[in-house]
Amino acid sequence: MSSSVLGSITIGYEPVWDQWRKRIGVRLWLDPESSSAVDANHLIESLQELWPAPREICLLHPRAPGLLSDLLEHSTASNIWLEVPHAWLGDALLAGRVRKAQQRGVKLVWSGEPGDHPTEESASWFHTAMLSLTAQDALGALRAALRQSHEGGNHGSRHTQSPVHAGQFYESLASQALVEHALDQQHVRGVAGWPSEEMLYAYRYRQILPARQALLDLVHAIDADESLEALEHTMGNEPLLCYRFLRYANSAALSLRSEIGSLRQGLMTLGYSRLRAWLMEQLPHASADTNLDPIRHTMVLRARIMERLADAGVEDDLRREVFLCGVFSQVDLLLGENLGAALHRLPLPGRVASAVVGRTGPYAPWLEVAAALEGRNTKVIREVCKAHQIPADEVNRALLRSLNVG
């Protein structure tokens with residue numbers, strides 16, 4: 001049942017972030033195959049089965065009015081919210097289903113063009129809205145942010161009025177200043193997407209360091225005598241720390257007899273005591289910039305998806321290679337240097353470098369698919385999957401299961 005419904009749809013994803021730069025949900029772009037209808041009831045069941053995540057919002061954005069109409073009729077799950085484009089409300093049948101779904105308690109999210117808001121008549125149908133700013137609104141928001149900073153965050157002042165409204169979702173915020181204004185000053189519900197390039201641009205003259213919280217998590221895990229698998233998973237959540245750890249494990253200072261090509265091998269070779277000592281050395285210089293957390297998270301999510309795509313018929317050691325392939329595929333953004341040169345410093349298998357640098361070899365298809373999923377262009381996702389002959393249901397299962405991994 002699940003395979004058939006997931007094989008008839010293309011899904012792209014976009015994380016949604018809260019004030020603490022933690023993922024509070026994921027926006028899924030749903031594009032049905034033109035040649036077949038999607039069973040909305042079974043689709044909802046599949047989403048709940050593969051990604052239960054009761055504490056996170058699963059915000060569905062159907063690309064076809066018919067699919068949205070069916071989802072409105074069948075949706076009952078509390079953590080599955082439905083996004084309704086304003087342009088489709090002109091259809092009386094769909095508008096009627098919107099009202100009935102709202103009456104049943106389904107969480108509905110209005111969306112429209114930049115600068116638009118729900119009409120007074122339709123506002124009561126929606127739990128909240130997914131808004132975006134026009135260029136003029138963005139300028140007004142930046143001015144309001146500056147005034148609020150100068151006035152000490154006094155929101156009551158008539159001079160600090162902002163076009164960004166509390167309690168709403170916002171998408172396509174193009175700068176760090178806008179994101180900080182929306183999340184920290186205006187207290188919006190969440191931000192869809194993240195201006196990663198602009199955030200990283202602020203570090204063009206500074207070195208990015210591993211996240212302080214990731215180091216603390218590992219120290220606490222060691223003190224709690226957690227398993228090797230748990231340590232490996234925790235370290236894998238910080239791409240830059242993974243890179244630095246492998247550099248350290250292969251450094252002349254340790255003089256190990258053999259090269260260390262995986263996190264598991266490094267952890268087993270160093271042992272808990274030496275690892276803890278190394279982590280404590282890193283702590284005084286660690287980064288506390290939470291604006292980098294969404295960037296790290298999306299890099300790791302790409303690796304988790306690749307790992308899931310490789311899951312069938314691949315040995316554990318090879319699956320770990322696939323994970324490193326994904327987690328290092330963008331590590332140059334954090335290191336601020338050429339990707340090929342960065343990977344050359346590590347004794348990684350040739351399959352990893354071939355996929356990451358040359359987009360060739362056995363891991364390249366999984367990398368290309370996982371990268372394509374990171375956006376709204378479902379047409380590109382479909383074309384990439386077909387080019388590599390990876391069935392849609394396999395891709396969608398890998399995506400949904402990866403989203404459920406902490």
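Before moving on, here are some points about what is shown:
- Flag for R147 being farther than 23 Å from V16 by Cα, modelled with pLDDT under 95 and either part of a helix (DSSP H, G or I) or within 26 Å of the chain's Cα centre (by Cα) (or both): yes
- Some residue of the stretch 375-383 being closer than 30 Å to Y203 by Cα and of a type in the set (V, I, T): no
- Matching residues in the stretch 258-276 - criterion: being farther than 30 Å from N396 by Cβ and not in a helix (DSSP H, G or I): S258, E259, I260, G261
- Within the stretch 94-132, the set of residues being assigned to a loop (DSSP other than H, G, I, E, B) and touching an Asp or Glu at 6+ places or on another chain (Cβ under 9 Å) comprises P114, G115, S132.
- Pairs are defined by a Cβ separation below 7 Å, a sequence spacing of at least 6 or placement on different chains, a first member in the stretch 56-83 that is within 13 Å of L43 (Cβ to Cβ), and a second member that is of a type in the set (G, A, S) and in a strand (DSSP E or B); the pairs so defined are C58/G25.
- Qualifying residue in the stretch 24-32 (condition: over 21 Å from G190 (Cα atoms), crowded, with 16+ Cβ neighbours inside 10 Å and of a type outside the set (V, I, T)): yes
- Scanning the stretch 71-93 for residues that are closer than 23 Å to R401 by Cβ, modelled with pLDDT of 95 or more and out of contact with any helix residue (DSSP H, G or I) (no Cβ under 6 Å at 6 or more places or on another chain) turns up at least one hit.
- Whichever residue in the stretch 162-199 is in a helix (DSSP H, G or I) and under 14 Å from P294 (Cα atoms) and, among such residues, is nearest to the chain's Cα centre (by Cα): S196
- In the stretch 362-406, of all residues being part of a helix (DSSP H, G or I) and of a type in the set (V, I, T), the one that is nearest to C325 (Cα to Cα) corresponds to V369.
- The strands (runs of 3 or more DSSP E) located wholly in the stretch 1-93 that include 1 or more residues which are of a type in the set (F, W, Y) occupy 9-17, 23-32, 80-85.
- Residue match in the stretch 296-313 (condition: open to solvent by 30 Å² or more (accessible area, probe 1.4 Å), β-branched (V, I, T) and in a loop (DSSP other than H, G, I, E, B)): no
- Put simply, of L279, L283, L292 the only residue that is modelled with pLDDT of 95 or more, surrounded by fewer than 19 Cβ atoms within 10 Å (Cβ to Cβ) and assigned to a helix (DSSP H, G or I) is L283.
- Those residues of the stretch 392-403 which are closer than 14 Å to D311 by Cβ and open to solvent by 10 Å² or more (accessible area, probe 1.4 Å), in sequence order: D393, E394, R397, R401
- Annotation: of all residues in the stretch 200-229 being under 21 Å from the mean Cα position of the chain (by Cα) and open to solvent by 90 Å² or more (accessible area, probe 1.4 Å), the one that is farthest from L241 (Cα to Cα) is Y201.
The values are calculated or read from the model by the stated rules, or taken from the named source; none is laboratory data. Because the structure is a prediction, the values reported are computed rather than measured. Cβ sites come from the backbone with ideal geometry, for glycine too, and all protein chains shown count toward neighbours. For the accessible areas, the whole protein counts, side chains as well, though only heavy atoms, and no ligand, DNA or RNA atoms are used. Shrake-Rupley method; radii C 1.70, N 1.55, O 1.52, S 1.80 Å.
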